[in-house]
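Scroll down for the structure; my scribbles are underneath it.
Just so it is clear, none of the values below were taken in a lab; they were calculated from the coordinates. Remember, it's a predicted structure, so these values are computed and weren't measured experimentally. Here the Cβ positions follow ideal geometry from the backbone for every residue, glycine too, while neighbour counts run over all protein chains shown.
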Amino acid sequence: MRKNTDFFELIYDVAREIPRGRVTSYGAIGKYLGSGKSARMVGWAMNVAHSQKKIVPAHRVVNRNGELTGKHHFGHPKLMQKLLEKEGIKVKNDKVVNFEKLFWYPDVELKL
DNA sequence: TGGGTGACCATAG
DNA sequence: ACTATGGCCACCC
């Protein structure tokens, strides 16, 4: 059961469910949460999460094109790519390789 | 109350 | 590849 008090928690919860070596998109999470949440909120929540020092694998969340748009928010631009490669995800030119294969669909895998 | 912002998305040119 | 526009919606002045 999830609280509705903070929609951040919903986003964090979904993000934490992303399996190691898989990625998803802001839009997918937003769509999964549905009910009026948009992709911008997800990215914004990630920013807040980082500020709050919440344990959220934000490096597994990229935009719909598989680009590491949020890499500048990890303290160092190369950190995000490094974390991904550490999990076996290949990154080329700031984009996830085999993005479609590695894509993790919250609404399919989680399926509340 | 209203304007600005944003780790997005879609479409258009 | 690029900018521009509209939509999205919570947050912060």
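Kindly check whether there is at least one residue in the range A:12-32 that is more than 14 Å from the chain's Cα centre (by Cα) and on the phi > 0 side of the Ramachandran plot.
No, because not a single residue in the range A:12-32 is more than 14 Å from the chain's Cα centre (by Cα) and on the phi > 0 side of the Ramachandran plot.
For residues that are more than 6 Å from DNA strand B (Cβ to nearest atom), buried (at least 22 other Cβ atoms within 10 Å of the Cβ) and farther than 18 Å from A:LYS90 by Cβ, tally how many sit in the range A:44-68.
2
Hey, does the range A:85-95 have a residue that's part of a loop (DSSP other than H, G, I, E, B), of a type in the set (Asp, Glu) and at positive phi?
Yes: the range A:85-95 contains one or more residues that are part of a loop (DSSP other than H, G, I, E, B), of a type in the set (Asp, Glu) and at positive phi.
Going residue by residue through the range A:36-54, is there one that turns out to be closer than 19 Å to A:HIS72 by Cβ, in a loop (DSSP other than H, G, I, E, B), away from DNA strand C (no atom under 13 Å from the Cβ) and not hydroxyl-bearing (Ser, Thr, Tyr)?
Within the range A:36-54, one or more residues are closer than 19 Å to A:HIS72 by Cβ, in a loop (DSSP other than H, G, I, E, B), away from DNA strand C (no atom under 13 Å from the Cβ) and not hydroxyl-bearing (Ser, Thr, Tyr).
Give me the pairs: first residue in the range A:62-88 and closer than 14 Å to A:GLY21 by Cα and touching a residue at least 24 places away in the same chain (Cβ under 8 Å), second residue assigned to a loop (DSSP other than H, G, I, E, B) and hydrophobic (A, V, I, L, M, F, W, C), beta-carbon distance under 8 Å, and six or more apart or on different chains, which are they?
Partner pairs satisfying both residue conditions: A:VAL62/A:LEU68; A:LEU83/A:PHE74; A:LEU84/A:LEU68.
Under 7 Å by Cβ, and 6 or more places apart or on different chains, what pairs join a residue from the range A:5-28 that is more than 18 Å from A:HIS50 (Cα to Cα) with one that is of a type in the set (Ser, Thr, Tyr)?
From the range A:5-28, the pairs are A:ALA28/A:TYR105.
Which condition does A:LYS71 not pass, out of (1) exposed (fewer than 13 other Cβ atoms within 10 Å of the Cβ); (2) basic (Lys, Arg); (3) in contact with a Pro (Cβ under 8 Å, 6 or more places away or on another chain), if it passes all the others?
With respect to (1) exposed (fewer than 13 other Cβ atoms within 10 Å of the Cβ); (2) basic (Lys, Arg); (3) in contact with a Pro (Cβ under 8 Å, 6 or more places away or on another chain), A:LYS71 is out only on (1).
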